[in-house]
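Below: one structure, written as structure tokens.
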Amino acid sequence: MVSTLKEILRDYRREQIVDVARRLFEERRSTDVSMDEIATEAGVARSTVYVYFSNRDELILACLQRMHALLNEAIAVAWSRDLDPVGRLRTFIRGMLERIDENPAFFRLAVTTARAAHDPTSAIGSQLALIGLDVTALLVDVITHGMETGGFRPMDPDRAANFIGIQLYGSMSIRADDPAPLPLDATADEMCDFLVGGLATR
């Protein structure tokens, strides 16, 4: 029991530090925030931050992993319901955009940091690549389900998922820079409608 309480406290403290770091990165519009500042804002000793993270890159990585976990949690709820393929696609798009709305500046910083590193094998680059692979796999599931149930025309699921992923990434980047983005539901509806219907008359 004591061990369990210690683990809960340890996990809580780690998440607290991650949340504070994400907020500071966003407020400063930079990852150039000292570990001392993060510790002060989190209300913990500097040494406590280093118990969990040996440097700032590890903290950025943890922030990305947190965004990834939140995305998976949101999508898991939708996947547990018996939604049709279009409904699942819309929920997926909404979940992605919602993560951007939570921390638009951090999304921009993560992408910029990965590009600046010029090294896809770096920890941050690898985490972004992992998120990308996970997103593609989920899209492949949606597309395959749609073809199996007759809602989507026959197509190569991998190519379709890559295409949708490119469109979604572009939309996320634009939304992250928009000071007054359209409401979340309206944007998800618009994107989903366009992806499913395209430009053809119905």
Problem set entry | Simple spin-label estimate for residue 180 and residue 130 in nanometres, 7 Å along Cα-Cβ | 4.0 nm
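Mean residue ellipticity at 222 nm from the helices of the chain, using -39,500 (n - 2.57) per DSSP H segment of n ≥ 4 over the full residue count, to the nearest 500 deg cm²/dmol? List each step's numbers first, then the result.
Numbers: 9 runs with 160 residues, N = 202.
Only helices count here, giving -27000 deg cm²/dmol.
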Exercise. If eta is 1.002 mPa s and T is 20 °C, what Stokes-Einstein diffusion coefficient results for the chain, Kirkwood Rh from Cα pairs, in µm²/s?
Worked result: 115 µm²/s
Exercise. How would you order 165-174, 62-71 from highest to lowest mean count of nearby Cβ atoms within 10 Å?
Worked result: 62-71, 165-174
Exercise. Using the membrane-span-like helix rule (whole DSSP H runs, Cα extent along the own axis of at least 18 Å, mean Kyte-Doolittle hydropathy at least 0.0), which helices of the chain qualify?
Worked result: 56-80, 104-117, 123-148, 184-197
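Read-outs throughout are calculated quantities, based only on the coordinates presented, and are distinct from any laboratory measurement. Everything numeric in this text was worked out from a predicted model, so none of it was measured. Glycine gets a Cβ as well: all are built from the backbone with ideal geometry, and neighbour counts include every protein chain shown.
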